[in-house]
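The values are calculated or read from the model by the stated rules, or taken from the named source; none is laboratory data. Here the structure is a predicted model, which is why all the values come from computation and not from measurement. Don't worry about glycine lacking a Cβ; one is built from the backbone with ideal geometry, like all the others, and counts go over all protein chains shown.
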Amino acid sequence: MIIDKMAIPRRTVLRGLGAAIALPFLDSMLPAFTSVARTAGRGTPRLSIVYTGNGAALGHFAPKVEGAAYEMTPILQPLAAFRDRMLVLTGIDNSVAMAREGEPRGGHGRVAPAFLSGVHARPTIGADFQAGVSLDQIAAGHLGRETQLASLELATDAPEFGGTCDTGFSCVYTNTICWRTATEPLPMENNPRILFERMFGDSGSTNPAARVARLRERASVLDAITDRARSLSASVGSADRSKLDAYLESIREVERGIQKAEEQSSRELPLIEQPAGVPETFEAHVKMLFDLQILSFQADLTRVATFMLARELSGRAYREVGVSEGFHAISHHGNNPEKITAMGKINVYHATLVAYYLEKLRSVQDGDGSLLDQVMVFFGSGMGNSNEHDPHDLPLILAGGAAGTLPKGRHVRFKKGSELPNLYVTMLEKLGVPERAVGDSTGSLAI
């Protein structure tokens with residue numbers, strides 16, 4: 001749990017992230033972790049993507065009024081405290097997710113891979129899946145050059161890549177929205193313990209001495225592996241040599257990460273022990289993953305993170321808000337008002353969890369402002385009318401400051417024919433990423 005604005009004694013031990021947190025030495029008159037913010041740098045943009053499958057309830061998202069005076073619709077209401085920090089975007093389509101003639105009818109299998117890539121996915125239930133490089137990975141290729149981890153990929157659902165999840169589509173397509181290449185999907189991690197280990201290694205805590213010792217041990221092992229691989233390269237054929245060259249390049253990437261980690265090991269962080277695993281409740285699970293994501297930004301371990309709050313086809317029942325029927329089943333509401341209302345309750349609940357995240361970002365100082373001032377938070381779904389698997393008029397929100405590049409809050413209604421990949425070109429421009437094309441983009445959208 002991220003702590004802010006508290007005057008506390010040095011020996012205080014807190015509970016959060018499923019484990020004990022002992023605070024480092026702090027100025028008792030300053031917010032907790034202020035010293036981290038001082039070294040985190042100012043004006044450093046980050047990209048945070050929060051995705052929820054199955055669309056949004058009809059009539060519950062889009063405001064009728066454009067501009068700064070837009071009304072807070074039911075789904076937006078939990079985010080009311082951030083209305084001046086949000087751009088509510090309506091009228092944007094992702095036409096590449098539409099079914100083509102002769103293709104299987106599985107709509108979710110098309111929508112998920114197209115959402116961040118802007119590419120029409122190849123329908124298949126085999127291993128020959130294909131989509132396109134996703135927005136997060138394009139951003140990570142630039143923003144990740146200065147960090148230990150290029151990006152983080154998180155989810156509430158367990159990673160599952162085998163089998164067929166939607167008609168004519170492999171489970172790969174619905175269990176991730178992140179693609180490093182057109183044929184390389186990235187798994188989304190749901191276990192906070194494993195995520196923590198990826199962030200801080202297997203030393204069991206954020207203790208800098210333990211981290212440095214473990215990093216140096218890993219570096220010595222990599223040195224030995226590199227020497228052995230180089231000696232082998234001289235005695236094998238050209239095909240094997242190419243494989244070894246690729247292997248050595250992978251090792252160099254790991255070594256780069258270790259070097260970055262050593263450079264960052266002097267950062268003063270909250271002393272956090274590794275979480276035990278997945279919490280018992282959905283809400284605790286989501287908040288723990290959000291907290292770890294904030295910690296990764298705080299420590300500048302990464303500047304790009306994607307969180308799949310609910311995957312496409314999610315059948316989870318949200319009894320927390322009185323909905324006992326599965327999310328996916330309700331999303332095919334058949335225009336039944338009761339089902340649309342129940343779906344709206346789920347959407348509102350998701351927005352409440354995102355509000356928790358935004359508030360935590362706002363509470364953490366970064367440079368002359370907060371993390372919220374630096375992060376671009378993109379929250380949305382790949383469907384408009386989920387009953388029809390329709391990827392038009394998507395429910396989308398941009399929040400935060402993106403290091404001062406996002407305008408003040410308002411509702412922007414785009415003209416017909418405005419496509420999602422073109423929004424992504426604009427977002428990359430705001431983040432300072434030089435890439436000028438995403439998927440089937442044809443330009444940019446003014447926001």
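Yes/no matrix, rows are residues, columns are (1) of a type in the set (A, V, I, L, M); (2) surrounded by fewer than 22 Cβ atoms within 10 Å (Cβ to Cβ); (3) not assigned by TED's automatic domain parsing to the domain that holds PHE169:
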{"residue": "PHE290", "(1), (2), (3)": "no, no, no"}
{"residue": "GLN293", "(1), (2), (3)": "no, no, no"}
{"residue": "ALA329", "(1), (2), (3)": "yes, yes, no"}
{"residue": "HIS332", "(1), (2), (3)": "no, yes, no"}
{"residue": "SER381", "(1), (2), (3)": "no, no, no"}
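Against the condition assigned by TED's automatic domain parsing to the domain that holds GLY43, outside any loop (DSSP other than H, G, I, E, B) and among the aliphatic types (A, V, I, L, M), how does LEU301 come out, does it pass?
When the stated conditions are applied, LEU301 does not pass them.
Can you list the strands (runs of 3 or more DSSP E) lying wholly within region 142-183 that have 1 or more residues being modelled with pLDDT of 90 or more, in contact with an Asp or Glu (Cβ under 8 Å, 6 or more places away or on another chain) and over 24 Å from GLY102 (Cα atoms)?
Per the criteria, 152-155.
Is it true that some residue in region 368-388 is touching a Gly at 6+ places or on another chain (Cβ under 7 Å), of a type in the set (Asp, Glu) and touching a residue at least 40 places away in the same chain (Cβ under 8 Å)?
No; the residues of region 368-388 include none that is touching a Gly at 6+ places or on another chain (Cβ under 7 Å), of a type in the set (Asp, Glu) and touching a residue at least 40 places away in the same chain (Cβ under 8 Å).
Can you pull out every residue in region 407-447 that is more than 21 Å from ARG85 (Cβ to Cβ), in contact with a helix residue (DSSP H, G or I) (Cβ under 7 Å, 6 or more places away or on another chain) and outside any loop (DSSP other than H, G, I, E, B)?
GLU419
Quickly run through region 77-107 and pick out the residues that are out of contact with any helix residue (DSSP H, G or I) (no Cβ under 7 Å at 6 or more places or on another chain) and part of a loop (DSSP other than H, G, I, E, B).
If the condition is that a residue be out of contact with any helix residue (DSSP H, G or I) (no Cβ under 7 Å at 6 or more places or on another chain) and part of a loop (DSSP other than H, G, I, E, B), then GLY91, MET98, ARG100, GLU101, GLY102, GLU103, PRO104, ARG105, GLY106 are the ones that fit.
Conditions (1) surrounded by 13 or more Cβ atoms within 10 Å (Cβ to Cβ); (2) closer than 28 Å to GLN374 by Cα; (3) of a type outside the set (D, E, K, R); (4) at pLDDT below 55, marked per residue:
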residue: SER233; (1), (2), (3), (4): yes, no, yes, no
residue: GLU268; (1), (2), (3), (4): yes, yes, no, yes
residue: GLU283; (1), (2), (3), (4): yes, yes, no, no
residue: PHE307; (1), (2), (3), (4): yes, yes, yes, no
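With respect to the numbered conditions (1) surrounded by 23 or more Cβ atoms within 10 Å (Cβ to Cβ); (2) over 25 Å from ASN54 (Cβ atoms), which one is the sole condition not fulfilled by SER363?
Every condition holds for SER363 apart from (1).
Right, THR167: touching a Pro at 6+ places or on another chain (Cβ under 6 Å), over 28 Å from THR281 (Cβ atoms), surrounded by fewer than 17 Cβ atoms within 10 Å (Cβ to Cβ) and polar (S, T, N, Q) or not?
Judged against the criteria, THR167 is a match.
Restricting attention to region 425-443, which residues are more than 14 Å from ALA402 (Cα to Cα) and crowded, with 17+ Cβ neighbours inside 10 Å?
Matches in region 425-443: VAL425, GLU435, VAL438, GLY439, ASP440, SER441.
So, in region 331-377, of the ones that are acidic (Asp, Glu) and assigned to a helix (DSSP H, G or I), which residue ends up nearest to PHE290 (Cα to Cα)?
Looking at residues that are acidic (Asp, Glu) and assigned to a helix (DSSP H, G or I), I get GLU359.
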